[in-house]
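**Q** There's a structure below that I have some questions on.
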Amino acid sequence: MLEKKLENHINLLVERHPTLTTVKKDIIEAYLILKECYENDHKLLIAGNGGSAADSEHIAGELMKRFKILRPVPDTFADKLKEIDPVRGEKLGHNLERGLMAIPLVAHEALTTAYINDVDGLGVFAQQLYGFGRPGDVFLGISTSGNSKNVMSATVVARALGLKVIGLTGAKGGDLAEVADVAIKVPETETYIIQELHLPVYHCLCLMLEDYFFGN
């Protein structure tokens, strides 16, 4: 059962995008997985290709700093910063924001290009998951077809490490929907239209998480 303020985010989403009514339950399930992850001080790892790579970085940006709500650091940490450096620390205590740890696996150019060149292009996300992932983390794979080979390889490593897998796909779902703990299959089949619906879905998830962890 969702809190009323969190349910309002979902209701606003389907009011603005009525076609997403069909995935309302899946969005809630994905939110609950992510909430549990962050409640236990774990992290989200995100991967996709092309436009979905950009979405991966976009999601991390919304989670690692404020989206809509101020996220000041605890007073005890602000005091510690000032104790270490009265000038810089005071400014840091004012400007730093609490984040929900999210790592876009598309963002590490030296690592990814080295692995692609030296080892295997289709294992580039899997390698990072093996390095970054710990039991209790969550892997979010974004694939409009649900069949992206490098994303699917990452799901194998994620499951072997004990990570929950969330899939964000189009209507067909593909292989990703078959292996994910929850798959959000937006009801479109054309790539660019799927991507247009992915954005409001993950914005909704980010809003819900921010409201739960940082809202009044």
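**Q** Residues of segment 155-176 being among the β-branched types (Val, Ile, Thr) and over 20 Å from Glu36 (Cβ atoms), which ones?
**A** Scanning segment 155-176 gives Val156, Val157, Thr169.
**Q** Can you name every residue in segment 178-198 that is under 18 Å from the mean Cα position of the chain (by Cα) and surrounded by 15 or more Cβ atoms within 10 Å (Cβ to Cβ)?
**A** Val179, Ala180, Asp181, Val182, Ala183, Ile184, Lys185, Val186, Ile194, Gln195, Leu197, His198
**Q** Next question. Hey, which of the helices (runs of 4 or more DSSP H) in segment 1-82, taking only ones fully inside, have at least 1 residues that are under 21 Å from Ala102 (Cβ atoms) and touching a Gly at 6+ places or on another chain (Cβ under 8 Å)?
**A** Helices (runs of 4 or more DSSP H) meeting the threshold: 24-39, 51-64.
Quick grid of which residues meet (1) more than 25 Å from Cys206 (Cα to Cα); (2) in contact (Cβ under 8 Å) with a residue 60 or more places away in the chain; (3) among the small types (Gly, Ala, Ser):
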site: Gly50; (1), (2), (3): no, no, yes
site: Ala54; (1), (2), (3): no, no, yes
site: Ile69; (1), (2), (3): no, yes, no
site: Pro72; (1), (2), (3): no, no, no
site: Phe77; (1), (2), (3): no, no, no
site: Glu83; (1), (2), (3): yes, no, no
site: Leu105; (1), (2), (3): no, yes, no
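**Q** Name the pairs: first residue in segment 10-39 and under 17 Å from Gly167 (Cβ atoms), second residue of a type in the set (Ser, Thr, Tyr), Cβ to Cβ under 9 Å, at least 6 apart or on different chains?
**A** Taking only residues 6 or more apart or on different chains, the pairs are Tyr31/Tyr212.
**Q** Looking only at segment 130-162, how many residues end up being farther than 28 Å from Glu196 by Cβ and either at pLDDT below 95 or crowded, with 21+ Cβ neighbours inside 10 Å (or both)?
**A** The qualifying residues number 2.
The values are calculated or read from the model by the stated rules, or taken from the named source; none is laboratory data. What you see is a predicted model; the values in this text were computed from it and never measured. Cβ: placed from backbone, ideal geometry, glycine included. Neighbour counts: every protein chain shown.
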